[in-house]
Amino acid sequence: MKLEYLADASPPLIRLYEFNQAEVQQLRECVGSLGAGTRQNVPLHKEAWTKSIDGCSLNLRLGNRDRGIRRVSLLNFECTLTSDGWSNVEGLLDPFCESEIAGYQWLTHDGRIPLLISQNGQW
């Protein structure tokens with residue numbers, strides 16, 4: 001699974017793409033652990049199944065408010081959602097876990113930078 005920040009997109013966004021079902025299932029497990037409150041932080045870029053493009057880093061955090069993605073530094077981002085917010089993202093990932101689909105899904109629009117998952121990187 002590739003993790004990339006697209007500064008030139010309108011609006012700028014972070015996309016997850018070129019993944020297999022096992023990688024999406026691992027992502028869903030990470031997101032599920034945030035939704036359940038068993039983890040407070042997931043540094044997505046450090047997961048073995050994630051390949052950061054151009055040094056993009058994304059920390060997924062459990063918070064008391066759905067803040068979405070915010071830029072911490074040039075290519076360092078964090079996405080903060082509530083337990084319910086992460087549970088919603090977990091549900092949005094389900095179709096990608098069940099079959100090889102060619103579509104895309106916006107995982108969050110909270111904040112100024114949306115998060116996209118797309119097998120081929122397109123939307």
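Bear in mind these aren't lab numbers, they're just calculated from the coordinates by the rules spelled out. Everything quoted here is computed from the prediction, not taken from an experiment. Cβ sites come from the backbone with ideal geometry, for glycine too, and all protein chains shown count toward neighbours.
What number comes out for the charge environment of Cys56, summing +1 per Lys or Arg and -1 per Asp or Glu over other residues with Cβ under 15 Å away?
Once all neighbours under 15 Å are counted, the net charge is 0.
Report ³J(HN,Hα) in whole Hz for each residue of the stretch 56-67, in order, from the Karplus equation J = 6.51 cos²θ - 1.76 cosθ + 1.60 where θ = phi - 60°; Gly and Pro get x.
Once rounded to whole Hz, the list reads 5, 10, 9, 9, 8, 10, 8, x, 9, 8, 6, 9.
Tabulate in residue order the Karplus-calculated ³J(HN,Hα) for the stretch 12-18, using 6.51 cos²θ - 1.76 cosθ + 1.60 with θ = phi - 60°, rounded to whole Hz; enter x for Gly and Pro.
x, 8, 10, 10, 10, 7, 6
Indicate, rounded to the nearest 5 percent, the antiparallel portion of the DSSP beta bridges found entirely in the chain.
60
Would you kindly derive the ³J(HN,Hα) couplings of the stretch 76-89 from the backbone phi angles with the Karplus curve 6.51 cos²θ - 1.76 cosθ + 1.60 (θ = phi - 60°), listing them in order in whole Hz, with x for Gly and Pro?
Each residue's phi maps through the Karplus curve to give 10, 10, 9, 10, 10, 9, 6, 4, 5, x, 5, 5, 5, 4 Hz.
Which cross-chain or sequence-distant (5 or more) residues have an amide H under 5 Å from the amide H of Leu58, H modelled 1.01 Å from N in plane?
Answer set, sorted by chain and number: Leu44, His45, Phe77.
Name all residues of the stretch 14-45 having a backbone nitrogen under 16 Å from the label point set 7 Å from the Cα of Asp54 along its Cα→Cβ direction, giving them as ranges.
It comes to 14-17, nothing else.
For every helix of n ≥ 4 consecutive DSSP H residues, a contribution of -39,500 (n - 2.57) applies; sum these over the chain, divide by its total residues, and give [θ] at 222 nm rounded to the nearest 500 deg cm²/dmol.
So the calculated ellipticity at 222 nm is -8500 deg cm²/dmol.
Please list the non-local residues whose amide H lies under 5 Å from the amide H of Asp66, H modeled 1.01 Å from N, same-chain partners needing a gap of 5 or more.
Thr82
Mind listing the long-range amide H neighbours of Gly121? Cut-off is under 5 Å, sequence gap 5 or more, other chains count too, H placed in the peptide plane at 1.01 Å from N.
So Gly121 has HN proximity to Glu18.
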